[in-house]
Amino acid sequence: MSGQDFSYSRARLTALAQQVLDEARQRGATACETDVSEGFGQSVTVRRQEVETIEYNRDKGIGVTVYLGQRRGHASTSDFSDDAVKSTVAAALSIARFTAEDDCAGLPDAALLARDVKDPDLCFPWDIPVEEAIEIARRCEQAAFDVSPMITNTEGASVSGHQSHFVSANSLGFMGGYATSRHYISCSAIAGEGDDMQRDDWYSGQRDPLDLAAPEAIGDYAARRTLARLGARKLKTRKVPVVLEAPLATGLIGSFVHAASGGALYRKSSFLLDALGKRIFPEFVRISERPYLSKGLASSPFDDDGVATRDREVVADGVLQGYFLSTYSARKLGMATTGNAGGSHNLLVEPGRHDLAGLLKEMGTGLLVTEVLGHGINYVNGDYSRGAAGFWVENGRIAYPVHEITIAGNLRDMFMGIAAIGNDVVVRGSKLCGSILIDRMTVAGQ
């Protein structure tokens with residue numbers, strides 16, 4: 001990404017957004033909203049110290065949504081020319097004319113829109129020549145090989161960086177935008193031979209490249225995780241306590257977000273229907289939404305509808321305080337938007353007093369899960385069943401690795417069965433969470 005910058009200024013994106021709004025108004029739209037964006041990035045992958053891929057991307061786009069009363073139409077283009085803007089608006093209007101009326105369609109209430117939006121300072125360019133990115137990837141992968149001669153191969157080490165900026169606007173006077181960045185270093189190691197081949201990986205992802213973990217540390221940790229899985233056994237079916245390692249615990253919180261989101265709720269495809277104000281976690285569980293977190297991967301002063309975001313407690317004392325609603329889903333439910341069009345914003349799960357080792361001691365005997373496979377979650381009734389691998393724990397210590405098992409339960413019971421939350425917090429997208437101890441799940445094996 002060395003020497004690269006945006007091809008279009010913020011002022012140019014703003015002018016394009018205004019052009020879309022003006023064109024829509026002149027063509028008879030009763031309301032309009034638009035997003036104009038540009039992004040670019042670079043990614044390199046090294047495998048066995050040889051360059052496997054070098055990828056560059058640069059893209060741009062205009063999305064246009066128009067309303068004719070309560071008929072909605074959407075169209076998009078990657079062409080920023082005047083003719084393209086006109087034809088895209090015309091296409092959106094054409095779609096709207098043939099779309100059925102929807103009494104929940106339309107822009108947000110003007111009073112809820114973000115005003116005087118300040119730059120949230122989420123863009124940290126990584127001015128890195130491709131040669132340097134390749135060298136970082138090589139150091140990362142070599143650190144994995146250096147751990148042990150049993151690391152016989154890798155799936156590669158990758159270094160990537162991406163920057164983008166956008167402007168969102170609507171016909172109620174909202175106009176806002178900012179730039180963001182996301183950078184990653186990752187490594188996946190392979191060990192063993194014959195029937196006992198294992199792999200594992202690790203990565204670091206940050207807004208600011210200065211906050212990335214050292215490439216050698218990433219490669220080293222990926223290798224050690226892989227080696228720890230050698231000699232994995234199967235388990236006989238049983239019911240035991242389970243610890244979900246922090247990266248998987250963020251996935252459990254993601255399942256909560258999905259079930260508590262407007263789309264699932266108004267379609268009546270969530271087991272958390274009518275759960276607002278009810279206890280769904282133990283009393284010690286607190287989940288906070290913090291849209292203004294410095295360098296947060298899901299920070300934003302407004303949502304995809306332009307509605308201002310705000311700090312809030314989603315779960316307090318185990319009680320569900322609020323859903324995740326967009327303007328549309330809120331209207332479908334007869335409720336108010338929570339500023340979550342496009343997803344959640346930096347969900348912080350309050351950590352407990354134990355690190356992972358402390359959680360294992362508290363569990364005593366049970367299963368530490370470090371990988372899950374498949375998508376066996378039924379959000380209508382909460383049934384949960386996924387392939388898994390990890391470690392059998394006895395007397396608070398890891399005894400041996402296990403694989404080819406299934407963990408099963410019901411999300412409602414799993415949420416209420418949380419016995420402790422670790423302080424080994426990791427960030428995965430919009431979730432910040434430590435490992436989670438669940439009091440009992442079914443582990444199916446031999």
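The values are calculated or read from the model by the stated rules, or taken from the named source; none is laboratory data. Bear in mind that the values here come from a model prediction, so they are computed numbers and not experimental data. Reconstructed Cβ throughout: ideal geometry from the backbone, glycine too, with neighbour counts over all protein chains shown. Heavy atoms of the whole protein, side chains included, go into the accessibility calculation; ligands, DNA and RNA do not. Shrake-Rupley method; radii C 1.70, N 1.55, O 1.52, S 1.80 Å.
Computed values, structure above
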{"quantity": "Surface/4 estimate of mean projected area, convex hull on alpha-carbon atoms of the chain, nm²", "calculated": "22.5"}
{"quantity": "Distance violations [Cα-Cα > 24 Å] among LYS118/LYS295; LYS234/LYS431; LYS86/LYS332; LYS239/LYS361; LYS278/LYS332", "calculated": "LYS234/LYS431; LYS86/LYS332"}
{"quantity": "Accessible area per residue in Å² at 1.4 Å probe, computed on the chain", "calculated": "44"}
{"quantity": "Phi to ³J(HN,Hα) by Karplus 6.51 cos²θ - 1.76 cosθ + 1.60 over region 235-243, Hz, x for Gly, Pro", "calculated": "10, 7, 4, 6, 10, 8, x, 9, 9"}
{"quantity": "ASP355 long-range amide H proximity, modeled H, under 5 Å", "calculated": "ASN423"}
{"quantity": "Where only alpha carbons of region 294-446 are counted, the Rg and the Dmax (Å)", "calculated": "18.0, 52"}
{"quantity": "Rg/Rg_globular for region 302-380, with Rg_globular taken as 2.2 N^0.38 Å and Rg from C-alpha atoms", "calculated": "1.52"}
{"quantity": "Distant-in-sequence amide H partners of TYR400 (H built 1.01 Å from N, under 5 Å)", "calculated": "TRP392"}
{"quantity": "Whole-percent carbon and sulfur share, accessible surface of region 1-132, 1.4 Å", "calculated": "45"}
{"quantity": "Long-range HN-HN contacts of GLY177 with modeled amide H, under 5 Å", "calculated": "SER168"}
{"quantity": "Sequence-separation-based contact order of region 9-56, relative, with Cα cut under 8 Å and 6+ spacing, percent", "calculated": "25"}
{"quantity": "Protection proxy ranking, peptides 144-153, 423-432, average beta carbon neighbours within 10 Å, highest first", "calculated": "423-432, 144-153"}
{"quantity": "Cα-based convex hull volume of region 207-300 per residue, rounded to whole Å³", "calculated": "194"}
{"quantity": "Gyration tensor (Cα) of region 161-217, equivalent ellipsoid semi-axes in angstrom", "calculated": "41, 15, 6"}
{"quantity": "Over region 276-397, relative contact order from alpha-carbon pairs under 8 Å, at least 6 apart, %", "calculated": "23"}
{"quantity": "Cα pair distances of region 83-192 binned at 5 Å [whole percent]", "calculated": "2, 9, 11, 10, 11, 10, 9, 8, 8, 8, 7, 5, 2, 0"}
{"quantity": "Top positive-direction residue, dipole computed over the chain with Cβ charges, set PRO108, GLY429, VAL20", "calculated": "PRO108"}
{"quantity": "Per-peptide average of other Cβ atoms within 10 Å, ordering 238-248, 81-91, 363-373 highest first", "calculated": "238-248, 363-373, 81-91"}
{"quantity": "Cα radius of gyration and Dmax for region 1-149 (Å)", "calculated": "22.0, 70"}
{"quantity": "Between region 278-304 and region 234-270, the alpha-carbon center distance in angstrom", "calculated": "17"}
{"quantity": "Span-like helix ranges in the chain, DSSP H, alpha carbon extent 18 angstrom or more, Kyte mean at least -0.5", "calculated": "82-97, 130-147, 215-228, 246-259"}
{"quantity": "Dipole magnitude of the chain, debye to nearest 20 (Cβ charges: Lys/Arg +1, Asp/Glu -1, about Cα centre)", "calculated": "1380"}
{"quantity": "Stokes-Einstein D in µm²/s, Kirkwood radius over Cα pairs - region 268-315 at 20 °C with 1.002 mPa s viscosity", "calculated": "165"}
{"quantity": "Three semi-axes of the equivalent ellipsoid, region 77-138, Cα gyration tensor, whole Å, largest first", "calculated": "40, 23, 13"}
{"quantity": "Helical mean residue ellipticity (222 nm; -39500 (n - 2.57) per DSSP H run of 4+; nearest 500) of the chain", "calculated": "-7500 deg cm²/dmol"}
{"quantity": "In Å, descending, principal axis extents of the Cα set of region 108-150", "calculated": "63, 26, 14"}
{"quantity": "Listed residue (HIS345, GLY364, TYR328) projecting farthest to the positive dipole end of region 240-364, Cβ model", "calculated": "TYR328"}
{"quantity": "Highest-MSF residue in the chain out of SER37, SER270, SER294 [GNM, Cα springs under 10 Å]", "calculated": "SER294"}
{"quantity": "Cα gyration tensor of region 140-265 - equivalent ellipsoid semi-axes, whole Å, descending", "calculated": "37, 25, 10"}
{"quantity": "Taking only Cα atoms of region 133-179, radius of gyration then Dmax in Å", "calculated": "21.0, 63"}
{"quantity": "Computed over the chain: relative contact order in percent, which uses C-alpha pairs under 8 Å that are six or more apart", "calculated": "14"}
